[in-house]
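Before any comments, here is the structure.
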């Protein structure tokens, strides 16, 4: 074989590697939602990350949220917008990033929320949303182009409106910029057949978009979470467990903290280590505490089930 023939073969193989065939446009609204995080100097003096989601069939922005970095919290806010405004989509198509498929090699050694970013894939599985990731940016051309458009338009609008804080930016983004952007650039999604399923209830959304983390009861009947200590309660009564009892801490989307222990759900209350205690008088003038709603035990909150699903997430990049 001559050098020219070898060169032609090599060039052909390189071209195949670099080519990304154009995919057919989806027919249904909610069939494929592309997502991405764009870190940029959007406002103020520090960079932040715009978490963005766009429907591929209609080019409708279905969710957007600023956070200081690309985080689970940012994508949870986007998903919350989608679930409340449109319903449950069929599939997400995203970057192959840690927030979607990373997990610590040893789940028992998680010490903070940074180690539970695979919660997004776990939440999608509970809702029945397929989650597909790709490391090829060209495969998500729509969201990439939209990020570029936002950088050209949104930055200027934020600057003209003297917006310098993340709270102001999110308010302007969700209430003004996105509705105007969709009116100008998106197709009318109401004219498309939809595969969105009915929106879950607020309680279901709140406890599905949760951060789950395995913990163990310590010798003081407390659980350490986010540098604070908490104790389990049920019906305003402290519940005690053996030291080293395994449990699953649930931080709901609204910030409420629960824990599952031995297939039961308990409320978590912060341990006031410096509080003065006088039992004789405390019982006589006991302050009534409002009873908190505790949702029923679900399959997704069982510790064994959680560990099993997270191990699967470590080896698979597609959630069905």
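The values are calculated or read from the model by the stated rules, or taken from the named source; none is laboratory data. The shown structure was predicted, so the numbers you read here are calculated from the model rather than taken from an experiment. When we count neighbours, we look across all protein chains shown, and the Cβ atoms used for this are built from the backbone with ideal geometry, even at glycine.
Quick notes
- For segment 248-263, the set of residues classified as without any contact (Cβ under 8 Å) to a residue 40 or more places away in the chain and either assigned by TED's automatic domain parsing to the domain that holds residue 76 or not in a strand (DSSP E or B) (or both) consists of 255, 262, 263, listed by residue number.
- Complete set of residues in segment 222-247 that are surrounded by 13 or more Cβ atoms within 10 Å (Cβ to Cβ) and either assigned to a loop (DSSP other than H, G, I, E, B) or touching a helix residue (DSSP H, G or I) at 6+ places or on another chain (Cβ under 8 Å) (or both): 222, 226, 236, 239, 241, 245, 246, 247
- In this structure, residue 163 qualifies as in contact with a helix residue (DSSP H, G or I) (Cβ under 6 Å, 6 or more places away or on another chain) and either part of a helix (DSSP H, G or I) or assigned by TED's automatic domain parsing to the domain that holds residue 42 (or both).
- From the options 82, 54, 39, residue that is touching a strand residue (DSSP E or B) at 6+ places or on another chain (Cβ under 6 Å) and in contact (Cβ under 8 Å) with a residue 60 or more places away in the chain: 54
- Answer from 175, 168 - the residue that is in a helix (DSSP H, G or I) and surrounded by 15 or more Cβ atoms within 10 Å (Cβ to Cβ): 168
- In segment 113-143, the residues that are assigned to a helix (DSSP H, G or I), in contact with a strand residue (DSSP E or B) (Cβ under 9 Å, 6 or more places away or on another chain) and at pLDDT below 70: 113, 115, 137, 139
- Elements of the type strands (runs of 3 or more DSSP E) sitting completely within segment 48-107 and holding at least 3 residues that are at pLDDT 95 or above, in the same structural domain as residue 144 (by TED's automatic domain parsing) and buried (at least 18 other Cβ atoms within 10 Å of the Cβ): these cover 48-55, 61-67.
- Note on segment 154-165: residues that are touching a residue at least 24 places away in the same chain (Cβ under 8 Å) and surrounded by fewer than 18 Cβ atoms within 10 Å (Cβ to Cβ) total 4.
- Hey, residue 148 at pLDDT below 95, outside any strand (DSSP E or B), assigned by TED's automatic domain parsing to the domain that holds residue 33 and surrounded by fewer than 12 Cβ atoms within 10 Å (Cβ to Cβ) or not: yes
- Answer from 286, 272 - the residue that is modelled with pLDDT under 90, within 31 Å of the chain's Cα centre (by Cα) and outside any helix (DSSP H, G or I): 272
- Residue identified as over 23 Å from residue 128 (Cβ atoms), part of a loop (DSSP other than H, G, I, E, B), in the same structural domain as residue 170 (by TED's automatic domain parsing) and at pLDDT 50 or above among 45, 31: 45
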